[in-house]
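S.K.: One structure, as C-alpha cells, below. Some questions next.
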Amino acid sequence: MYPSSEPIDPSVLRLVQGKSLVRIVDDDETVAKSYEFMLRCSGWNCRIFNSAEDYLASENVQIGCLILDVRMPGLSGLQLQQKLEILEREIPIIFVTGHGDVDMAVLALKRGAQDFMLKPVDPQRLKGAVFQACQSDLLHFLRSQKEEAEREATSSLSQREREVAQLLAQGLLYKQIAERLGCSERTVKFHKARIAEKLGVKTPAEIALRLSGTANNKLGI
C-alpha cells in the first residue's frame, strides 16, 4: 500500500494514523475532497481548508501533516510555508501543484518541505508521503516530550544532589566526593541513589549525559 524501502509494520501504521490529522489546503474543492476520500479509505483522519487564510485561523495543534496546493487565491502555498516558519508553527508539508517547476520545488524543499509532487498525484506516492510526514511529526513530538520530562527531572535535583551529580559525572569516587564536599561516603551514596531515582539513570556516564543535555533519546513506535 505504501511504497517504502522497508515494509511498514501494520501496528506502527495504525498508531501513526490514530495520532495524526492530515490537513488538506486546496481552493479546488473537488481535488481536496478526492484526497480526503482516498486517505480516509486508507485509515487517515483528514480536514479540508479552502484557503491558506482558513488554515492559519485554525489551531492546528494535533500531530500530522499538511497537503498544500501552491497556487491559490490570497496567500499561495509557498507564502503559507514562509508564514508558518515565521510563526514557528512546525508541521511537515507535502506540496502538490499543477503548475510547478524545478525552481519552485527546490525553494519549497530548501525551506523544509517533506515532498513536492505534481498534479495529478500518484495515490500510492501521496499515501507514502503522508505516512512518512506524520511519522516524522509524531517522533518529533515524542522526543520533545521526553526531553521536557528530562529537563524537569534534572531541575528537581536539590543543590547538594546537583553537586554530587556533577562530581560523579567527572568520574570521582565516593570517597573523593565525600572529601570534596566535607561529608561521609554514606551521605554521597544516599544522594547518588536519589539522583538515580529522579533522573532514571544508573551509572555516572548516564548522569554525565543527562547533565550535559546530550542524552541519546532512542525512540521508536
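The values are calculated or read from the model by the stated rules, or taken from the named source; none is laboratory data. Worth saying up front: this structure is predicted, and the values here are computed from it rather than measured. Here the Cβ positions follow ideal geometry from the backbone for every residue, glycine too, while neighbour counts run over all protein chains shown. Ligands, DNA and RNA are excluded from the accessible area calculation, which covers all protein heavy atoms including side chains. Shrake-Rupley method; radii C 1.70, N 1.55, O 1.52, S 1.80 Å.
S.K.: Residues with beta-carbon under 14 Å from that of Ala178, excluding Ala178: net charge, scoring Lys, Arg +1 and Asp, Glu -1?
M.R.: With Lys, Arg at +1 and Asp, Glu at -1, the neighbours total +3.
S.K.: Could you calculate the FRET efficiency of Gln170 with Phe190 from 1/(1 + (r/R0)^6), where r is the beta carbon distance between them and R0 is 22 Å, rounded to 0.05?
M.R.: 0.70
S.K.: Would you calculate a helix-derived [θ] at 222 nm for the chain, using -39,500 (n - 2.57) for each DSSP H run of n ≥ 4 and dividing by the full residue count, to the nearest 500?
M.R.: -17500 deg cm²/dmol
S.K.: Take the Cα radius of gyration of the stretch 1-60 and divide it by 2.2 N^0.38 Å, with N its residue count; two decimals is plenty.
M.R.: For the stretch 1-60, the normalised Cα radius of gyration is 1.29.
S.K.: To the nearest 10 Å², what's Met38's accessible area with a 1.4 Å probe?
M.R.: Spelled out: Met38, probe radius 1.4 Å, area about 40 Å².
S.K.: While we're on this one: Within the set of other residues whose C-beta is less than 15 Å from the C-beta of Asn50, count the net charge using Lys and Arg as +1 and Asp and Glu as -1.
M.R.: Its environment carries a net charge of -4.
S.K.: State, to one decimal in nm², a quarter of the convex hull surface area for the C-alpha atoms of the stretch 74-184, i.e. the direction-averaged projected area.
M.R.: Projected over every direction and averaged, the Cα hull of the stretch 74-184 covers 11.4 nm².
S.K.: In whole Hz, what ³J(HN,Hα) sequence does the stretch 132-138 give by Karplus (6.51, -1.76, 1.60; θ = phi - 60°), x for Gly and Pro?
M.R.: 4, 5, 5, 4, 4, 5, 5
S.K.: Now a separate question. How would Phe95, Phe116 rank on accessible area, largest to smallest, probe 1.4 Å?
M.R.: Phe116, Phe95
S.K.: A follow-up question, please. Write down the accessible area per residue of the chain in Å², having rolled a 1.4 Å probe over the full set of protein chains.
M.R.: 56
S.K.: Pop out the ³J(HN,Hα) list for the stretch 8-21 in order, Karplus 6.51 cos²θ - 1.76 cosθ + 1.60 with θ = phi - 60°, rounded to Hz; leave Gly and Pro as x.
M.R.: These are the phi-based 3J(HN,Hα) values: 8, 5, x, 5, 5, 4, 5, 5, 4, 5, x, 9, 10, 10 Hz.
S.K.: For the stretch 1-126, just run the numbers: alpha carbon Rg, then divide by 2.2 N^0.38 Å, N being how many residues it has.
M.R.: 1.02
S.K.: Calculated FRET efficiency, Arg143 and Glu85, Cβ-Cβ r, R0 30 Å, to nearest 0.05?
M.R.: E between Arg143 and Glu85, to the nearest 0.05, is 0.90.
S.K.: Please work out which option in [x] 11.7; [y] 10.2; [z] 15.3 gives mean projected area of the Cα convex hull in nm² calculated from these coordinates, and answer with its label.
M.R.: The value computed from this structure is option [z].
S.K.: Something else now. Where a ≥ b ≥ c are the square roots of the eigenvalues of the C-alpha gyration tensor, would you call the stretch 25-76 rounded, which needs a/c under 1.5, or, failing that, prolate if a/b is larger than b/c, or oblate?
M.R.: Verdict is oblate for the stretch 25-76.
S.K.: Tell me the Kirkwood radius of the stretch 79-140: reciprocal of the mean inverse pair distance over distinct alpha-carbon atoms, in Å.
M.R.: About 12.3 Å for the stretch 79-140.
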